[in-house]
Amino acid sequence: MAVLFRFDGILPDNSSKEERKIREGLLCLSACSRKIFRGSCWSTFLSMVQYIRTKEAVMKGKLIVLEGIDGSGKETQSALLEKKLSEAGKRVMHVSFPDYGSESSALVKMYLRGDFGRDPEAVNPYAASLFFAVDRFASYRMKWKNFYEQGGIVIADRYTTSNMVHQMTKYEKKEERQQFADWLEKTEYGELELPRPDLVILLDIPLQVSEKLVRERARKGGSMDIHETHFEYLAKCHEAYQELVRSYGWKKISCFRAGILRSVEDIGRDVYAEAESILE
(Lines give C-alpha, C1' and ligand atoms only; values in the text may rest on other atoms or scores of the structure.)
Protein backbone atom coordinates (compact mmCIF):
# COMPACT_ATOMS: atom_id res chain seq x y z
CA MET A 1 0.00 0.00 0.00
CA ALA A 2 1.29 3.51 -0.79
CA VAL A 3 2.59 5.79 1.91
CA LEU A 4 -0.07 7.71 3.79
CA PHE A 5 0.80 8.86 7.31
CA ARG A 6 0.83 7.79 10.92
CA PHE A 7 -1.86 9.10 13.25
CA ASP A 8 -1.54 8.29 16.95
CA GLY A 9 -5.19 9.05 17.80
CA ILE A 10 -4.42 11.93 20.15
CA LEU A 11 -6.70 14.93 19.65
CA PRO A 12 -6.52 18.37 21.28
CA ASP A 13 -8.96 19.00 24.12
CA ASN A 14 -10.92 21.43 21.95
CA SER A 15 -11.31 19.06 19.01
CA SER A 16 -14.73 19.09 17.38
CA LYS A 17 -17.31 16.33 17.18
CA GLU A 18 -16.55 15.90 13.47
CA GLU A 19 -12.84 15.53 14.17
CA ARG A 20 -13.49 12.82 16.70
CA LYS A 21 -15.77 10.98 14.32
CA ILE A 22 -13.00 10.84 11.73
CA ARG A 23 -10.42 9.78 14.33
CA GLU A 24 -11.28 6.09 14.14
CA GLY A 25 -11.00 6.03 10.38
CA LEU A 26 -7.63 7.73 10.48
CA LEU A 27 -6.33 5.22 13.03
CA CYS A 28 -7.20 2.39 10.65
CA LEU A 29 -5.65 4.28 7.76
CA SER A 30 -2.46 4.83 9.73
CA ALA A 31 -2.24 1.16 10.72
CA CYS A 32 -2.33 0.15 7.06
CA SER A 33 0.50 2.45 6.02
CA ARG A 34 3.84 0.76 5.37
CA LYS A 35 5.83 3.94 5.71
CA ILE A 36 5.48 6.83 8.09
CA PHE A 37 4.84 10.33 6.92
CA ARG A 38 6.30 12.32 9.80
CA GLY A 39 5.95 15.97 10.74
CA SER A 40 2.65 17.12 9.27
CA CYS A 41 0.35 14.35 10.44
CA TRP A 42 -1.95 16.72 12.35
CA SER A 43 -2.10 19.27 9.57
CA THR A 44 -3.01 16.48 7.14
CA PHE A 45 -5.77 15.39 9.47
CA LEU A 46 -7.17 18.91 9.70
CA SER A 47 -7.04 19.21 5.91
CA MET A 48 -9.17 16.10 5.62
CA VAL A 49 -11.66 17.51 8.13
CA GLN A 50 -11.86 20.77 6.19
CA TYR A 51 -12.37 18.90 2.93
CA ILE A 52 -15.26 16.92 4.39
CA ARG A 53 -16.84 20.03 5.88
CA THR A 54 -16.53 21.87 2.56
CA LYS A 55 -18.08 18.97 0.68
CA GLU A 56 -20.97 18.82 3.14
CA ALA A 57 -21.51 22.58 2.83
CA VAL A 58 -21.62 22.34 -0.95
CA MET A 59 -24.07 19.45 -0.89
CA LYS A 60 -26.40 20.88 1.72
CA GLY A 61 -29.47 22.59 0.32
CA LYS A 62 -31.16 25.81 1.34
CA LEU A 63 -34.08 26.30 3.71
CA ILE A 64 -36.26 29.36 3.17
CA VAL A 65 -38.98 30.09 5.72
CA LEU A 66 -41.98 32.36 5.20
CA GLU A 67 -43.52 33.73 8.38
CA GLY A 68 -46.35 36.05 9.32
CA ILE A 69 -49.55 36.30 11.32
CA ASP A 70 -52.77 34.79 10.01
CA GLY A 71 -53.87 36.23 6.69
CA SER A 72 -50.43 37.50 5.66
CA GLY A 73 -50.29 35.31 2.54
CA LYS A 74 -47.66 32.74 3.54
CA GLU A 75 -49.23 29.87 1.59
CA THR A 76 -49.78 32.01 -1.50
CA GLN A 77 -46.26 33.40 -1.55
CA SER A 78 -44.68 30.02 -0.77
CA ALA A 79 -46.41 28.50 -3.78
CA LEU A 80 -45.45 31.46 -5.98
CA LEU A 81 -41.81 31.30 -4.91
CA GLU A 82 -41.75 27.55 -5.56
CA LYS A 83 -43.11 28.15 -9.06
CA LYS A 84 -40.57 30.88 -9.87
CA LEU A 85 -37.58 28.91 -8.59
CA SER A 86 -38.71 25.81 -10.46
CA GLU A 87 -39.04 27.81 -13.67
CA ALA A 88 -35.49 29.09 -13.07
CA GLY A 89 -34.26 25.50 -13.13
CA LYS A 90 -33.89 25.01 -9.38
CA ARG A 91 -34.71 21.83 -7.52
CA VAL A 92 -37.33 23.00 -5.04
CA MET A 93 -40.09 21.66 -2.81
CA HIS A 94 -42.66 23.24 -0.51
CA VAL A 95 -43.52 22.08 3.01
CA SER A 96 -46.03 23.49 5.47
CA PHE A 97 -46.31 23.35 9.26
CA PRO A 98 -48.10 22.02 11.14
CA ASP A 99 -48.16 18.98 8.86
CA TYR A 100 -51.86 18.32 9.35
CA GLY A 101 -51.86 15.42 6.90
CA SER A 102 -49.42 13.44 9.03
CA GLU A 103 -50.04 11.39 12.16
CA SER A 104 -47.21 13.34 13.77
CA SER A 105 -49.51 16.37 14.13
CA ALA A 106 -51.92 14.59 16.49
CA LEU A 107 -50.84 16.49 19.62
CA VAL A 108 -50.71 19.76 17.68
CA LYS A 109 -54.33 19.28 16.62
CA MET A 110 -55.38 18.50 20.19
CA TYR A 111 -53.61 21.60 21.49
CA LEU A 112 -55.00 23.98 18.85
CA ARG A 113 -58.48 22.48 19.21
CA GLY A 114 -58.41 23.31 22.90
CA ASP A 115 -58.35 19.78 24.28
CA PHE A 116 -55.76 20.82 26.86
CA GLY A 117 -57.47 24.13 27.63
CA ARG A 118 -59.28 26.81 25.63
CA ASP A 119 -56.76 29.50 26.56
CA PRO A 120 -53.37 29.33 24.77
CA GLU A 121 -51.63 29.91 28.09
CA ALA A 122 -53.24 26.79 29.58
CA VAL A 123 -50.23 24.86 28.21
CA ASN A 124 -46.77 26.12 29.10
CA PRO A 125 -44.47 27.15 26.22
CA TYR A 126 -42.05 24.25 26.64
CA ALA A 127 -44.73 21.56 26.49
CA ALA A 128 -46.57 23.20 23.59
CA SER A 129 -43.33 23.63 21.66
CA LEU A 130 -42.56 19.93 21.89
CA PHE A 131 -45.88 19.12 20.17
CA PHE A 132 -44.83 21.18 17.15
CA ALA A 133 -41.16 20.14 17.27
CA VAL A 134 -42.01 16.43 17.00
CA ASP A 135 -44.23 17.19 14.00
CA ARG A 136 -41.36 19.01 12.28
CA PHE A 137 -38.94 16.21 13.14
CA ALA A 138 -41.21 13.63 11.50
CA SER A 139 -41.72 15.78 8.42
CA TYR A 140 -37.98 16.36 8.02
CA ARG A 141 -36.97 12.73 8.45
CA MET A 142 -39.73 11.25 6.31
CA LYS A 143 -40.34 13.85 3.60
CA TRP A 144 -37.47 16.22 2.83
CA LYS A 145 -34.22 15.30 4.61
CA ASN A 146 -32.69 13.49 1.62
CA PHE A 147 -33.86 16.16 -0.81
CA TYR A 148 -32.35 18.89 1.36
CA GLU A 149 -29.06 17.07 1.96
CA GLN A 150 -28.66 16.51 -1.78
CA GLY A 151 -28.74 20.25 -2.44
CA GLY A 152 -32.46 20.90 -2.89
CA ILE A 153 -34.19 24.14 -1.93
CA VAL A 154 -36.94 23.75 0.66
CA ILE A 155 -39.56 26.46 1.17
CA ALA A 156 -41.35 26.20 4.51
CA ASP A 157 -44.65 27.85 5.30
CA ARG A 158 -43.93 28.34 9.04
CA TYR A 159 -41.15 26.55 10.92
CA THR A 160 -39.42 26.58 14.30
CA THR A 161 -39.61 30.35 13.98
CA SER A 162 -43.40 30.21 14.42
CA ASN A 163 -42.99 28.23 17.59
CA MET A 164 -40.64 30.88 18.90
CA VAL A 165 -43.14 33.65 18.21
CA HIS A 166 -46.32 31.98 19.44
CA GLN A 167 -44.87 30.53 22.62
CA MET A 168 -42.50 33.28 23.77
CA THR A 169 -45.48 35.64 24.01
CA LYS A 170 -46.63 33.67 27.05
CA TYR A 171 -43.79 35.34 28.96
CA GLU A 172 -43.73 39.01 29.86
CA LYS A 173 -40.13 39.29 31.03
CA LYS A 174 -37.45 39.72 28.36
CA GLU A 175 -35.08 37.36 30.21
CA GLU A 176 -37.66 34.56 30.24
CA ARG A 177 -38.39 35.08 26.56
CA GLN A 178 -34.72 34.85 25.64
CA GLN A 179 -34.21 31.80 27.84
CA PHE A 180 -37.08 30.08 26.08
CA ALA A 181 -35.80 31.06 22.61
CA ASP A 182 -32.34 29.69 23.45
CA TRP A 183 -33.87 26.43 24.69
CA LEU A 184 -36.00 26.09 21.56
CA GLU A 185 -33.04 26.58 19.23
CA LYS A 186 -30.95 24.07 21.17
CA THR A 187 -33.79 21.54 21.17
CA GLU A 188 -34.78 21.74 17.51
CA TYR A 189 -31.50 22.62 15.80
CA GLY A 190 -29.30 20.74 18.26
CA GLU A 191 -30.99 17.74 19.86
CA LEU A 192 -33.45 17.04 17.03
CA GLU A 193 -30.88 18.01 14.38
CA LEU A 194 -33.33 20.00 12.28
CA PRO A 195 -31.67 22.37 9.80
CA ARG A 196 -31.44 26.05 10.59
CA PRO A 197 -33.12 28.34 8.07
CA ASP A 198 -30.86 30.13 5.62
CA LEU A 199 -33.47 32.84 5.21
CA VAL A 200 -36.56 33.86 7.18
CA ILE A 201 -38.98 36.28 5.51
CA LEU A 202 -41.71 37.98 7.52
CA LEU A 203 -44.75 38.94 5.46
CA ASP A 204 -45.90 41.90 7.50
CA ILE A 205 -49.52 43.04 7.57
CA PRO A 206 -51.34 45.32 10.03
CA LEU A 207 -52.85 43.53 13.01
CA GLN A 208 -56.33 44.90 12.22
CA VAL A 209 -56.21 43.29 8.77
CA SER A 210 -55.31 39.91 10.25
CA GLU A 211 -58.17 40.10 12.76
CA LYS A 212 -60.64 41.01 10.00
CA LEU A 213 -59.50 38.11 7.80
CA VAL A 214 -59.76 35.63 10.69
CA ARG A 215 -63.31 36.77 11.47
CA GLU A 216 -64.35 36.61 7.81
CA ARG A 217 -62.98 33.09 7.51
CA ALA A 218 -64.95 32.05 10.59
CA ARG A 219 -68.17 33.56 9.19
CA LYS A 220 -67.69 31.54 6.02
CA GLY A 221 -67.58 28.34 8.02
CA GLY A 222 -63.86 28.10 8.64
CA SER A 223 -62.58 26.89 11.99
CA MET A 224 -60.65 29.02 14.49
CA ASP A 225 -57.97 27.51 16.71
CA ILE A 226 -57.27 28.66 20.26
CA HIS A 227 -54.70 31.19 19.02
CA GLU A 228 -57.09 32.80 16.56
CA THR A 229 -59.97 33.12 19.02
CA HIS A 230 -57.85 35.25 21.37
CA PHE A 231 -57.17 38.52 19.57
CA GLU A 232 -55.12 39.86 22.46
CA TYR A 233 -52.85 36.88 21.99
CA LEU A 234 -52.57 37.60 18.24
CA ALA A 235 -51.60 41.17 19.09
CA LYS A 236 -48.74 39.88 21.23
CA CYS A 237 -47.61 37.64 18.38
CA HIS A 238 -47.62 40.58 15.98
CA GLU A 239 -45.34 42.49 18.35
CA ALA A 240 -43.12 39.43 18.84
CA TYR A 241 -42.56 39.14 15.10
CA GLN A 242 -41.24 42.70 14.99
CA GLU A 243 -38.98 41.96 17.95
CA LEU A 244 -37.51 38.84 16.35
CA VAL A 245 -36.93 40.58 13.02
CA ARG A 246 -34.62 42.94 14.87
CA SER A 247 -33.00 40.28 17.07
CA TYR A 248 -32.36 37.58 14.46
CA GLY A 249 -31.95 39.59 11.28
CA TRP A 250 -35.04 38.23 9.52
CA LYS A 251 -36.13 40.00 6.34
CA LYS A 252 -39.40 41.92 6.56
CA ILE A 253 -41.58 42.58 3.54
CA SER A 254 -44.50 44.96 4.02
CA CYS A 255 -47.64 43.73 2.28
CA PHE A 256 -49.21 47.19 2.43
CA ARG A 257 -47.95 50.40 0.85
CA ALA A 258 -49.47 53.76 1.74
CA GLY A 259 -52.34 51.91 3.43
CA ILE A 260 -53.17 49.87 0.33
CA LEU A 261 -52.67 46.10 -0.01
CA ARG A 262 -49.99 45.33 -2.59
CA SER A 263 -50.72 42.78 -5.31
CA VAL A 264 -49.63 39.17 -4.93
CA GLU A 265 -47.24 39.60 -7.85
CA ASP A 266 -45.69 42.77 -6.39
CA ILE A 267 -45.05 41.14 -3.02
CA GLY A 268 -43.79 38.05 -4.83
CA ARG A 269 -41.09 40.06 -6.59
CA ASP A 270 -39.68 41.14 -3.24
CA VAL A 271 -39.84 37.58 -1.89
CA TYR A 272 -38.03 36.25 -4.95
CA ALA A 273 -35.34 38.93 -4.68
CA GLU A 274 -34.62 37.92 -1.08
CA ALA A 275 -34.44 34.26 -2.07
CA GLU A 276 -32.09 35.01 -4.95
CA SER A 277 -29.72 36.78 -2.56
CA ILE A 278 -28.90 33.53 -0.75
CA LEU A 279 -28.84 31.32 -3.84
CA GLU A 280 -26.18 33.20 -5.79
Has the stretch 128-141 got at least one residue that is outside any helix (DSSP H, G or I) and either closer than 24 Å to E185 by Cβ or without any contact (Cβ under 8 Å) to a residue 24 or more places away in the chain (or both)?
no
Show the residue pairs meeting these rules: Cβ distance below 9 Å; 6+ apart or different chains; first residue within the stretch 190-214 and outside the structural domain of C255 (by TED's automatic domain parsing) and hydroxyl-bearing (S, T, Y); second residue crowded, with 16+ Cβ neighbours inside 10 Å and part of a strand (DSSP E or B).
none
Residues satisfying the stated conditions in the stretch 69-105, i.e. modelled with pLDDT under 95 and on the phi > 0 side of the Ramachandran plot:
G71, G73
Step by step: first the residues of the stretch 203-235, then only those that are at pLDDT 70 or above and closer than 15 Å to T169 by Cβ, then the one that is surrounded by the fewest Cβ atoms within 10 Å (Cβ to Cβ). Which residue is that?
E232
Flag if E176 is within 18 Å of C237 (Cα to Cα), over 16 Å from the mean Cα position of the chain (by Cα), part of a helix (DSSP H, G or I) and without any contact (Cβ under 8 Å) to a residue 60 or more places away in the chain:
yes
Number of positions in the stretch 194-218 that are of a type in the set (K, R) and either in contact with a helix residue (DSSP H, G or I) (Cβ under 6 Å, 6 or more places away or on another chain) or not in a helix (DSSP H, G or I) (or both):
1
State whether one or more residues within the stretch 143-166 are of a type in the set (F, W, Y), within 25 Å of V271 (Cα to Cα) and surrounded by fewer than 19 Cβ atoms within 10 Å (Cβ to Cβ).
yes
Yes/no for T169 being hydroxyl-bearing (S, T, Y), farther than 16 Å from V95 by Cβ, assigned by TED's automatic domain parsing to the domain that holds G71 and modelled with pLDDT under 95:
yes
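The values are calculated or read from the model by the stated rules, or taken from the named source; none is laboratory data. Bear in mind that the values here come from a model prediction, so they are computed numbers and not experimental data. Note that we place each Cβ from the backbone using ideal geometry, even for glycine, and neighbour counts take in every protein chain shown.
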